[in-house]
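The block underneath contains the structure these notes are about, expressed in structure tokens.
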Amino acid sequence: NAVVHWFKMDLRHTDNKALALASEKAKEAGVPLIGMYLVSPQDYEAHLRSPPRVDFMLRTLEVLKADLAKLDIPLHVETVEQRKKIPDRILELLEEWGANHLYANMEYEVDELRRETHLVRDLSENGKAFEVVHDTCIVPPGELTSGSGKQYAVYSPWFRAWVAHIHENLDLLELFDPPSKNPDVARKQFAKLFDCPIPDLPENKSLDDEEKKRYRSFWPCGEHEALKRLDKFCEEKISGYAAGRNIPAGNGVSNISVHLAAGTLSARTAVRTARDRNKTKKLNGGNEGIATWISEVAWRDFYKHVLATAPHVCMNKPYKPEYSNIQWSYDQAHFKAWCEGKTGFPIVDAAMRQLNHIGYMHNRCRMIVASFLAKDLLIDWRMGERYFMEHLIDGDFASNNGGWGFSASVGVDPQPYFRIFNPLLQSEKFDPDGEYIRKWLPELKDVKGKAIHEPYGRGAGGIAKKNGYPEPIVEHKNVRERALSAYKEGLAVE
Ligand code: FAD
């Protein structure tokens, strides 16, 4: 007999709610706890999980396996090629291990919810219980409703409700202890599981040696790294976050998203750690940097709440149906230039090169490139959303979809459509010395002064041309007008 915890996007052994509950259950029944992770190449494909992200998760499994082994808890990792076979395979494994209880943390995407619902039914028909609990958000989706009883469609009132709800329910921020040590018999009984290796990257997500080395040096994995990074950020940078967070060249952000996406860190621990450093001991007020950072982590909860209550966003539809009729462009040459960072707009290109090189992009730049794709190039924002997922190491469906919806003005609480970022002004404001641009665009590293923002327009065309840097593929002024008309016309369709 045994109790099983199914790891998914919660690759940590501390502060993991379902794992803690599974451990309690096992202890109560006097049986061992087993950890399980199923690698599904087909699922990774369907959900556009990028190769660096899959690599990050597989590397993290090594850390998790070692942490659990110290508690005599085995972690069984196996590849299930076809995702529709996952439920049957789980049932087989439970039978093999003599386990009647399965635990997991809930994921809110439509496919996952559907799979889990079926699994609850299938397992119960076989006399087994499947407990799926809320863990990934600090406030579970559905808890906060506006006056009309619906999910908020605007962030600010939602955020006030989020803060008030947590202040009234402080247990939402409490840490879950790691699981208890297994009874001695577990080592012998499940010896095979302790020895099972973590598989290599599946073929459809392969990386060459240079890429592996690069991503691994930028993104050390595992929950210990996550906590180290969080503590260092809180120690050194959080107080200056409000001022520094918008400067892509400065190192003012936490770089914690990769850990929240893989679940090597819980949002609970992130927010609790920051709050504890605030002299108010609250989520708001006190230190401006701390309060601002907490309000950013809250966006993650917000977008997950939206996803859970507006599942149509999982189906390639804009949150606001009235934005379904915009006539997008599908110009492949423009899209390719955007993907490769060769649009001739330095801030856009630097950002895309950063994404392509390290699987990450600064938030300000995510907004700039998303706005540029949807509005300056008028390209279907879903193509950009997809490209991001295929390349980000911190890809998260809800935050990515939310960010694209915001920037393309088709999402929940979006940027109004007539507010169109001017890439040149954004560049001058947020990368005033061109430090970020020079870092990512070697072709422009010798361009001096303000010409860095617009080399062809400001007398540095010679250097740019010599080094193969392209001229702008569109003229902002003209395409701005085109975007305004396209949005207006789209909205006018009945
Ligand atoms: P910090 O500034 O230190 O913020 C701390 C944490 O707060 C982040 O790790 C993240 O979990 C959360 N957060 C901050 N800003 C946002 C936001 N706008 N929306 C949701 N959560 C936020 N974030 C992802 O985690 N995965 C994505 O796939 C993703 N795609 C995006 C796409 C677009 C077009 C845009 C505009 C934003 C996207 N974001 C995404 C949000 C944000 O850009 C990243 O979370 C942030 O840049 C990560 O860096 P950090 O951890 O240093 O952030």
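A few notes on this one:
- Single condition R386 does not satisfy, out of (1) within 15 Å of the ligand (Cβ to nearest atom); (2) crowded, with 19+ Cβ neighbours inside 10 Å: (2)
- Checking every residue in the stretch 346-358 against the condition of being at pLDDT 95 or above, crowded, with 19+ Cβ neighbours inside 10 Å and within 9 Å of the ligand (Cβ to nearest atom) gives zero matches.
- Condition check for G411: crowded, with 22+ Cβ neighbours inside 10 Å and on the phi > 0 side of the Ramachandran plot: no
- Filter result for E81 (surrounded by fewer than 18 Cβ atoms within 10 Å (Cβ to Cβ) and in contact with a helix residue (DSSP H, G or I) (Cβ under 7 Å, 6 or more places away or on another chain)): yes
- Scanning the stretch 281-294 for residues that are crowded, with 20+ Cβ neighbours inside 10 Å and under 20 Å from the mean Cα position of the chain (by Cα) turns up at least one hit.
- Within the stretch 310-333, the set of residues being in a helix (DSSP H, G or I) and out of contact with any helix residue (DSSP H, G or I) (no Cβ under 9 Å at 6 or more places or on another chain) comprises Q332, A333.
- Answer from P179, P183 - the residue that is farther than 17 Å from L64 by Cα, in a loop (DSSP other than H, G, I, E, B) and of a type outside the set (G, A, S): P183
- The requirement of being closer than 20 Å to G263 by Cβ and surrounded by 21 or more Cβ atoms within 10 Å (Cβ to Cβ) is not satisfied by D43.
- Hey, L38 aliphatic (A, V, I, L, M), closer than 21 Å to A261 by Cβ and surrounded by fewer than 21 Cβ atoms within 10 Å (Cβ to Cβ) or not: yes
- Members of the stretch 12-37 found to be in contact with a Phe, Trp or Tyr (Cβ under 8 Å, 6 or more places away or on another chain) and either free of Cβ contacts under 8 Å to residues at least 60 places away in the same chain or closer than 20 Å to L193 by Cα (or both), listed by number: L19, A22, P32, I34, G35, M36, Y37
- Reported count of residues in the stretch 392-414, each being out of contact with any Pro (no Cβ under 8 Å at 6 or more places or on another chain) and either more than 10 Å from the ligand (Cβ to nearest atom) or in the same structural domain as G244 (by TED's automatic domain parsing) (or both), is 3.
- Within the stretch 444-466, residues that are outside any loop (DSSP other than H, G, I, E, B) have Cβ atoms under 7 Å from residues that are at pLDDT 95 or above and acidic (D, E) in these pairs: H453/E428; Y456/E471; I463/D446; A464/E443, counting only partners at least 6 apart in sequence or on another chain.
- Residues located in the stretch 177-232, provided they are within 17 Å of L58 (Cβ to Cβ), surrounded by fewer than 12 Cβ atoms within 10 Å (Cβ to Cβ) and among the small types (G, A, S): S217
- Given (1) at pLDDT 95 or above; (2) more than 18 Å from L38 (Cα to Cα); (3) surrounded by fewer than 18 Cβ atoms within 10 Å (Cβ to Cβ), number of the condition R89 does not satisfy: (2)
- Given (1) of a type in the set (A, V, I, L, M); (2) in contact (Cβ under 8 Å) with a residue 40 or more places away in the chain; (3) within 19 Å of A249 (Cα to Cα); (4) within 13 Å of the ligand (Cβ to nearest atom), number of the condition V369 does not satisfy: (2)
- Yes/no for K466 being farther than 17 Å from S371 by Cα and basic (K, R): yes
- Among (1) modelled with pLDDT of 95 or more; (2) surrounded by fewer than 16 Cβ atoms within 10 Å (Cβ to Cβ); (3) in contact with a His (Cβ under 9 Å, 6 or more places away or on another chain) - the single one D111 does not satisfy: (1)
The values are calculated or read from the model by the stated rules, or taken from the named source; none is laboratory data. Computed from a predicted model, the values in this text were never measured in an experiment. Here Cβ is always computed from backbone atoms with ideal geometry, including for glycine, and neighbour counts include all displayed protein chains.
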